[in-house]
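The values are calculated or read from the model by the stated rules, or taken from the named source; none is laboratory data. It should be emphasised that the depicted structure is a prediction, and the values quoted were computed from it without experimental measurement. Quick reminder, even Gly has a Cβ in these numbers, built from the backbone with ideal geometry, and neighbours come from all protein chains shown.
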Amino acid sequence: MRVTIAIPTYNRSRWLAETLASLAAHRHSLAADQLEVLVVDNASTDATAEIVRPHLDRPGWRYLVETEQGLNHARNRAVREARGEILVFLDDDVLLHRGWLDALLSPWDRPSEGGEAIGAVGGEVIPVFPEGCPFWLEGWATPLAHRADPGPLTPRQMPMGANVAFRKSVFDRFGLFRPELDRNGKNALSGGETEMLKRLHRGDSQGSLAVWFVPAAAVDHQFPASRMNLGYVCRHGYDSSRSRVLESLADPERSRGAKLAYGLSRLLLHLPRGLLLLLAALFLNGLNRTDTARKTLLRAARSGGYVAQIVRSLPRLLLPS
């Protein structure tokens, strides 16, 4: 089978250099003409182009610039440009484990086990902290650990966009990624790949497609020191909660009444919870229990994200379309 590996990137040249070096050195069983690599630059202003240039002499490597800002715009550009039957998405800050690609592709090599009915395959994503991790952030990021052996996932178990492969034909059948559901340089929204994977689970008139997980298809996901500060982590938690609301409200199987009930229930839960957590964080900080105060503030930020996005969405939920 022909495979395309796509790496969307935006102003991450230092980490991208390590990802490209890891990919260039990776051993796999595909012939050279079966593998394509697309680096999709989402209009970076750093040294991204210079980092990519030395790799463009490699067979099948291409550099694309997508000027429409947003991760899912970059992903959709990769979908349109990819020549492979399988389209693999990698984040621009991952390092590949030995055997990663062959393991990731292995479910599609099992026709007797329903390989034709598999729409996507995810691999393990292991957080690593090359510049150290503050004590108060321990446990913030953990491996997925969905299952110990290769096999299908439930709709509640989702791979991460940092390391996931799709059969390219699913985009002709189910459509492209939704640009409003992921980061665009101004926020840390996420969940574009999750919403797409849920479409595969829901299916269409032709039926649903399975989503698999292969633990051996592992990558290390690097977290730099610039992401280990309180401001970034709280913003990430805030926008992650906003993403969950947007994803839930975008579900076509939910009626407007069900979406309104979801929004109001989350609002009634997270508004008082967020305020109490914020007060607790201030109190703990006053007692010089700084680490506990920071963890509590992160929880408050997550509740704040739910509240903010629900309040933004209420007008269109309350007013008939």
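What to note about this one:
- Residue among LEU298, LEU277, LEU200 that alone is in contact (Cβ under 8 Å) with a residue 24 or more places away in the chain, assigned to a helix (DSSP H, G or I), assigned by TED's automatic domain parsing to the domain that holds LEU90 and crowded, with 19+ Cβ neighbours inside 10 Å: LEU200
- Residue check for ASP92: in contact (Cβ under 8 Å) with a residue 12 or more places away in the chain, buried (at least 24 other Cβ atoms within 10 Å of the Cβ), under 15 Å from LEU16 (Cα atoms) and not hydrophobic (A, V, I, L, M, F, W, C): yes
Table: residues versus (1) surrounded by fewer than 17 Cβ atoms within 10 Å (Cβ to Cβ); (2) over 20 Å from the mean Cα position of the chain (by Cα).
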| site | (1), (2) |
| --- | --- |
| ARG12 | no, no |
| SER29 | yes, yes |
| THR45 | yes, yes |
| TYR63 | yes, yes |
| VAL79 | no, no |
| GLY84 | no, yes |
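- Candidates in the range 135-177 are the residues that are touching a Gly at 6+ places or on another chain (Cβ under 6 Å) and part of a loop (DSSP other than H, G, I, E, B); of these, the one that is surrounded by the most Cβ atoms within 10 Å (Cβ to Cβ) is PRO159.
- Of all residues in the range 128-154, those that are under 17 Å from LEU95 (Cβ atoms) have Cβ atoms under 6 Å from Cβ atoms of residues that are of a type in the set (A, V, I, L, M, F, W, C) and part of a helix (DSSP H, G or I), 6 or more apart or on another chain, in GLU131/ALA225.
- Applying the set (1) surrounded by fewer than 16 Cβ atoms within 10 Å (Cβ to Cβ); (2) modelled with pLDDT of 95 or more to GLU68 leaves exactly one unmet item: (2).
- Among the residues of the range 204-232, those that are at pLDDT below 85 and either in contact with a Gly (Cβ under 9 Å, 6 or more places away or on another chain) or among the polar types (S, T, N, Q) (or both) comprise SER205, ALA225, SER226, MET228.
- Residues (under 26 Å from the mean Cα position of the chain (by Cα) and aromatic (Phe, Trp, Tyr)) located in the range 250-302: TYR262
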